[in-house]
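To keep things clear, I will list the structure first and then write my remarks on it.
The values are calculated or read from the model by the stated rules, or taken from the named source; none is laboratory data. Because the structure is a prediction, the values reported are computed rather than measured. Here the Cβ positions follow ideal geometry from the backbone for every residue, glycine too, while neighbour counts run over all protein chains shown. Side chains are part of the model used for accessible areas, which takes the heavy atoms of the whole protein and leaves out ligands, DNA and RNA. Shrake-Rupley method; radii C 1.70, N 1.55, O 1.52, S 1.80 Å.
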Amino acid sequence: MSAVLVTCKLPSSVLAKLRERADVDLYAGEAAIPADELRARASGKQAIVCLVTDAIDRSVLDAAPDLKIVANVAVGYNNIDAAYARSKGVVVTNTPDVLIDSVADFTWALILAITRRLSEGERLVRRGAWKGWALDFMLGTELKGKQLGLVGLGRIARAVAARAPAFGVHVAYVSRSAPGDGGPGSKNVLATAESMSLDRLLNTSDVVSLHVPLTPETRHLIDKKAIARMKRSAYLINTARGPVVDEAALAWALQQHLLAGAALDVYENEPAVHPDLLGLENVLLVPHLASGTAETRTAMADLAIDNVIAVLGGRAPLTPVP
Ligand code: GLV
């Protein structure tokens, strides 16, 4: 039987399916597997099932000469040196598609929560500071008639766009690919959406939502200069990857009220959050939860395991990374 390292607890039904076909070495610690242990336990394995918190770098790939597949339980795979893996003939897979709806719903949850000041209001109630209803108290921003600017136009961004008509929001987007590339129905979703340059999108959007992978080109895409292009009344939403935003620049801009607010699910150095963000009322901070429904996380784990089973069985992976 093949040997598989699984770096985290998976739903038991999913793990059982893998155990029928492979010897599973399960790391069951609460926190991410330490790098030394990852290297040591990768040795001799044909497959690794891992999370975004596991750095699958050259040292890990070199420690596992028999490796055939690294299956990330995530759509983003910036934690894996995919080019090096490819050069060694190791397949890398991710879990697209199955998390589209949960992440798109969550993006709207953040948009609604920050524009209507939900976390700020909740903090106020909990500390006993609410003095009662008043006509001008804690006013938020109406979404109807406003522009949502999507940076990136992958499947998640398109699902976010598909939900926009329910809120009367106009969608703008910046994308490197043609709008038709998103599969069935994607053209309809974008029928009324407007393609524009990043500068114009930042300039004109009331809410800017990030949907790009983390690459050398997108690292700090939203820096001080980009933020300066945004409206002072605008909100920034990040469910993509933390380092796409220069967190220090964002904290400074929020302190100076150069933006109305930001809602962040991801951070530059997770689980650390820039200390200047922690004291600010105009930022909503949640702990990397966008795909976090029981249904979706089970589907992600299941897809990762199906990729492992396919590759170890000599078949093509279901969802290799591009
Ligand atoms: C989570 O961040 C993912 O990439 O799936």
* **Per-residue ³J(HN,Hα) for the range 34-43, Karplus 6.51 cos²θ - 1.76 cosθ + 1.60, θ = phi - 60°, Hz, x for Gly and Pro** => x, 4, 4, 5, 4, 4, 4, 7, 6, 4
* Structure fact -> Using a 1.4 Å probe on heavy atoms of the protein chains only, the accessible area for T298 in Å², nearest 10, reads 50
* Exposed-loop-free span, longest in the chain, where chymotrypsin sites (Phe, Trp or Tyr not before Pro) count as exposed if DSSP calls them loop and at most 14 other C-beta atoms lie within 10 Å -> 138-322
* Which sequence of E20, E194 reflects their accessible areas, 1.4 Å probe, from the largest down? -> E20, E194
* Structure fact -> Straight-line reach check, K225, cutoff 25 Å on alpha carbons, 8 or more apart in-chain or any other chain, hits among lysines -> K146
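Taking only C-alpha pairs under 8 Å that are 6+ residues apart, what is the relative contact order of the chain in percent?
18 percent.
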* Structure fact -> The helix 100-115 Cα axis meets the longest alpha-carbon principal axis of the chain at an angle in degrees, between 0 and 90 and rounded to 10, of 30
* Cross-link partners among lysines for K17, C-alpha distance below 27 Å, same-chain residues fewer than 8 apart left out? -> K9, K45, K68
* **Amide H partners (placed H, <5 Å) of I56, local residues excluded** => I80, D81
* For T115, T204, what's the largest-to-smallest order of accessible area, 1.4 Å probe? -> T204, T115
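Might you tell me the accessible area per residue for the range 186-322, computed with a 1.4 Å probe and given in Å²? Intermediate values should be presented prior to the final figure.
Numbers: 6150 Å² over 137 residues.
Heavy-atom SASA per residue in the range 186-322 reads 45 Å².
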* How big is D, in µm² s⁻¹, for the chain by Stokes-Einstein at 10 °C and 1.306 mPa s if Rh is the Kirkwood radius over C-alpha pairs? -> 76
* To do: Report in % the part of the accessible area of the chain that belongs to carbon and sulfur, leaving out ligands and nucleic acids; probe 1.4 Å.
  => 55
* Asked: Helix 294-312 versus the longest principal axis of the chain: what is the Cα-based angle in degrees, 0 to 90, to the nearest 10?
  -> 30
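How much length would be gained if the chain were fully extended between R126 and A16, taking 0.36 nm per residue of separation minus their Cα-Cα distance, in nm to one decimal? Mind showing how you got there, number by number?
Values: separation 110, 0.36 × 110 = 39.60 nm, distance 4.33 nm.
Using 0.36 nm per residue and subtracting the Cα-Cα distance, I get 35.3 nm.
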